[in-house]
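A short worksheet on the structure shown next.
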Amino acid sequence: MLAYHLILMLDLFFFFFFLSCLLNNNGGVLLVMAQNSSTRSIDVGLVLDLETLGGKMSHASISMALDDFYASHTSYGTRLLIHSRDSNQDVIGAASATLDLLKNVQAQVILGPLSSSQAEFMAHLGNETQVLIVSFSATSPSLSLERTPYFIRTTINDSSQVGAISALVKFFGWREVVPVYEDTDFGSGIIPYLVDAFQAINASVPYRSVIPPLAKDEQIITELYKLMTMQTRVLLVHMTSSSIGMMEEGYVWLMTDGMGNMLDSLDPGIIDAMQGAVAVRSYMPRSREIVSFTARWKARFRQENPSDEPPNPSVFQLWAYDTVWALAMAMEKAGVSSSSFQKLPGGDNSTDLASLSISNNGPELLEAILNTRFRGINGAFQLVNGQLQSSVFEIVNVIGKGARQIAFWTPEFEISKLFNSTSPANLKTVIWPGDTTSVPKGWEMPTNGRRLKIAVPVKYGFNEFVNVVHDQTNNRTTVTGYCIDVFDAVMQLLPYAVPYEYVPFKPPNRRYSDMIDQVFLQRYDAVVGDTTIIADRSLYVDFTLPYTGSGVSMIVPLKEGKRNMWIFLKPLTTDLWLGTLTFFFFTGLIVWLLEHRINPEFRGPPSKQLGMIFYFAFSTLVFAHRERLANNLSRVTVVIWTFVVLILASSYTASLTSMLTVQQLQPMVTDMSELLKNGEYVGYQDGSFVVDLLKGMGFKEHQMKNYSTQEQYHETLKNGTKNGGVAAIFDEIPYLKLFLAQHCTDVAMVGKTYKTNGFGFVFPLGSDLTLEVSRAILNVIESDTMMAIERKWFGDPANCPSDSNELHSSSLNFKLRGLFLITGVVSTLALILFFTMYIYKNWNELKAVAMESSVWTRVGAWVEHFDQRDLNSRAFIREG
């Protein structure tokens, strides 16, 4: 009889075991066997797309998590009883499954769903019934945790990866990015965050490629062809499907973690189609726990899906596993004993929604799970504001059969090759589409794109810069000029062909600002001409680097200069005259002191000696001194002084000659303040921004006259203010130099130069061509090409004065002090050496004289001794 009962018990055990496995594999109820009779089963709903690979993978994680948790927590008094429902990859299906779990099962918590679109309605249902909706894969930022506090996201928000993506774009210097995303809450939720992040690094989003969720291959191909017609080659894919194309050289395919997290689980054929793509994904460290988890998870997946080959688990499977553990801990902590619901206020049974009830355990469960912290399989599990926080992203390159790690990103260290490295931003070598390591520049001129429409101004003067001629015979327009040749030379230096055509444009009122507006309004692709770079214009268009000189100045007529009777004094400034006279006397005095005791020609009455001091020094000016020098020290002094006099005389002669010749022509006005003071009329080029500059200087409207041609410039300057002309013309330096090249004999450029930024080419704001053309401009300027173009249109540079400083021969000033320093040092050293020898030779006599009582008596005695002849000198010996 005992044996019979044992056999019966074993039969019952295997029957229930078989039943549990059967229910487990068919999406029914998941429970843990051999539980104690005192444990309480808590109903938990599970909404997944069970027929998809993602649903099967997540189901395997959840079932394994249940087994692992309760195997290691045998003392727990609660057990999660999972009720699975298939959402059939549909928002309505997910909503229907949720209603069934709330109404018929009265689930305390619902796990899932996989997609953000399904989670939106489920979150509102959970919020109304105070039932937790816990999703480990709904990442869209559009899911508002503030509006639906009972929605818990045990995954990261898509917006947290935006920093890593923008850092990658900034690292490679790309200026434009086109997001390619599915038309769902998941796809569109991240876009505002991406746009803000790109704007912060001066990158833009010129176009958004939106793909329908169930798009057919024909629709995707059509959209890809549309992208091919655009300049931008940096494409950012934010989708859950793996549709991708155009993987040839020159393109950049970036992927968000929507696809990046699934790379290890994709079919090899799909991976092969993604070669060269770069993806951002949540960092999953290769720890022993994860290696063990992967092996056990594959066994579980194979057990639940015998006909499917198990892929590698993604980070979503790790989050699903940790979510079950967190939920089991929270359920135990909240002390939930049984389902407790009460009817919604004013509810009835007329509809499924009206018949729903409110969970009384909801607030306690919400608080418990928000405060749950533990070390999960994927690191620390801690919810902040109802969602997981991730600060580490991995950047991978799709190469070969999988993804190769090339860098990490963290908010603290940005991009680094090594994890948590403080070294400068760097990446491992990236293999780009087309199997190349050359970094794509991010944009190309589309091969099937239209020709660029380049607006050129129709000018009425100064046609050397831009000249538009329309031939009525063959109805053909020809555009030539300095600016045109420069632009053509620049475009030829670009590493690719850019088709363009010149389109004449007549600016209203001849103001170039109206023409530049056309680029901002996207009616033209660029402006080529004598267009000045101004700060106000750069607010809505981009300028290249300038290709001409900059500045605004004025030209004035010249007049015959009047010579002054004292013009011979002007070659030297007053301080130089005084310094020269001082050194004439100083040198004469030094020579007299050196020669007085030993040379009879430097002796005699005081008047003669004083005259000798001045006469000898000044006679060196014309080298007419006839006195013989007896002291070698005085000879050295005179030689150095003669050298100084020679340079001074030559410089004086040259300066005086220049004043008597060059300065015959003088500008009638040398400063703008004279024009304002005298109320003179001034001119400017018609349509130029210079008129605003003149108003800012203080000129009245009636004082300003506009002109268009060089002939008008010359005529109005010739007439002057009194005869209906102007006293000066203000214009940009390139125009003035062209005018001076033909009229430098009777006009001159004078006064202050008001800085501007020169001429530049105009492109739309944010255009990639701006940078490329600017680089090419530098190459043209540094080559002989620019000089050849200037000679072609402006001729060889004329020998004309370019400013007021060249119209006046400036006087020599005391900057020649170096000459005086040399002669002063030599003379002083000679005097010191002379008195040293004098004192040494006459020490006894001078010492005897020093015995005198009075200071002045001693000084007088020394002077008297110095005035005596040195009878030992050769001159006096010959006289004797």
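The values are calculated or read from the model by the stated rules, or taken from the named source; none is laboratory data. Predicted, not measured: the structure shown is a model, and the values here were computed from it. For neighbour counting, all protein chains shown are included, and Cβ atoms are generated from backbone atoms with ideal geometry for every residue, glycine included. Each accessible area value is taken on the protein alone, full model and side chains, heavy atoms only, with ligands, DNA and RNA left out. Shrake-Rupley method; radii C 1.70, N 1.55, O 1.52, S 1.80 Å.
Remark: accessible surface ordering of Glu182, Glu595 (largest first) is Glu182, Glu595, probe radius 1.4 Å. Per atom type, the chain shows carbon and sulfur on 56% of its accessible surface, probed at 1.4 Å.
Under a model in which nothing but the beta-carbon of Lys, Arg (+1) and Asp, Glu (-1) is charged, region 78-210 shows a dipole of about 320 debye around its Cα centre.
Under the definition of Cα pairs under 8 Å and six or more residues apart, what whole-number percent is the relative contact order of region 685-769? If you can, show how the numbers build up before the last one.
Details: 37 pairs, mean separation 16.8, N = 85.
In percent, rounded to a whole number, it is 20.
Counting only DSSP beta bridges with both residues in the chain, tell me the antiparallel percent, nearest 5. Intermediate values should be presented prior to the final figure.
Working: 49 of 98 bridges.
The antiparallel proportion sits near 50 percent.
Rounded to the nearest 10 degrees, the angle from helix 817-841 to the longest Cα principal axis of the chain is 60 degrees. For the chain, count all C-alpha to C-alpha pairs, find those more than 53 Å apart, and express that count as a whole percent of the total. For the chain, the fraction of Cα-Cα distances above 53 Å is 51 percent.
With an a/c value of 1.5 or above and a/b not larger than b/c for the gyration tensor axes a ≥ b ≥ c computed over the alpha-carbon atoms, region 63-169 is described as oblate.
By definition, a body whose alpha carbon gyration tensor gives a ≥ b ≥ c is prolate when a/c is 1.5 or more and a/b is larger than b/c, and region 211-341 fits this prolate description. Relative to the Cα centre, the charge distribution of region 468-572, modelled as +1 at Lys and Arg Cβ and -1 at Asp and Glu Cβ, gives a dipole magnitude of about 800 debye.
Once both labels are positioned 7 Å from their Cα atoms along Cα-to-Cβ, the gap between Phe419 and Leu145 label points is 2.4 nm. Dipole of region 630-763 computed with +1 at Lys/Arg Cβ and -1 at Asp/Glu Cβ about the Cα centre; of Ser688, Met704, Met672, farthest Cα towards the positive end is Met672. Applying a DSSP loop filter and a limit of 15 other Cβ atoms within 10 Å to the trypsin sites (Lys or Arg not before Pro) in region 260-350 leaves Arg286. Packing here is the average count of other Cβ atoms within 10 Å per residue, and on that basis the peptides 596-603, 250-257, 689-696, highest first, run 250-257, 596-603, 689-696.
Extents of region 99-139, largest first, come to 27, 15, 14 Å (Cα atoms, principal axes, whole angstrom).
Here the peptides 768-781, 713-726 are ranked by packing, the mean other Cβ count within 10 Å, and the order with the highest first is 768-781, 713-726.
Normalising by the residue count of the chain, find the relative contact order in percent from Cα pairs under 8 Å and 6+ residues apart. Don't jump to the answer; show the numbers that get you there.
Numbers: 1487 pairs, mean separation 96.8, N = 880.
Relative contact order of the chain: 11 percent.
Which number comes out as Rg/Rh for region 358-449 once both Rg and the Kirkwood Rh are worked out on C-alpha atoms? Across region 358-449, the Cα-based Rg/Rh ratio is 1.21.
Placing dummy labels 7 Å off each Cα toward the beta-carbon, the span from Arg635 to Leu578 is 3.7 nm.
Between 0 and 90 degrees, the angle of helix 482-492 with respect to the longest Cα principal axis of the chain falls at about 50 degrees. Applying D = kT/(6 pi eta Rh) to region 511-599, where Rh is the Kirkwood radius over alpha-carbon pairs, T corresponds to 10 °C and eta to 1.306 mPa s, the Stokes-Einstein value obtained is 78 µm²/s. Taking only Cα atoms, what is the 0 to 90° angle, nearest 10, from helix 606-619's long axis to the longest principal axis of the chain? Long axis of 606-619 versus the principal axis of the chain: about 50 degrees. Ordered by solvent-accessible area of protein heavy atoms (1.4 Å probe), largest first, the residues Tyr460, Tyr496 come out as Tyr460, Tyr496.
Evaluate the Kirkwood expression for the hydrodynamic radius of region 641-736, namely the inverse of the mean inverse distance over all pairs of different C-alpha atoms, and round to one decimal in Å.
15.9 Å
Each of Pro179, Trp432, Gly751 was scored by the projection of its Cα onto the charge dipole of the chain, and the greatest displacement toward the positive side belongs to Gly751; charges sit on the C-beta of Lys, Arg, Asp and Glu.
A 1.4 Å probe over all protein chains sorts Ser160, Ser337, Ser140 by accessible area into Ser337, Ser160, Ser140, starting with the largest. Exposure check, 1.4 Å probe, all protein chains in place: Met837 carries approximately 80 Å² of accessible surface.
Provide the per residue accessible area, probe 1.4 Å, for the chain, rounded to a whole number of square angstrom.
That works out to 49 Å² for each residue.
Taking the average, over residues, of other Cβ atoms within 10 Å as the packing measure, peptides 145-152, 488-495, 434-441 rank 145-152, 488-495, 434-441 from highest down. Exposure check, 1.4 Å probe, all protein chains in place: Arg476 carries approximately 150 Å² of accessible surface.
Just to confirm the filter: which trypsin sites (Lys or Arg not before Pro) across region 499-579 are DSSP coil and have at most 14 other Cβ within 10 angstrom of their Cβ? Listed in order of number, the matching sites are Arg523, Lys562, Arg563. Dipole check for the chain: with +1 at the C-beta of Lys and Arg, -1 at the C-beta of Asp and Glu, and the Cα centre as origin, the magnitude is about 3900 Debye.
With only the Cα atoms considered, region 444-526 has a convex hull volume of 120 Å³ per residue. If you take the Cα centroid of region 85-160 and the Cα centroid of region 298-337, the two points sit 17 Å apart. When the Cα positions of Gly126, Pro557, Ser140 are compared along the charge dipole of the chain, Pro557 comes out farthest toward the positive end, with charges on each C-beta of Lys, Arg, Asp and Glu.
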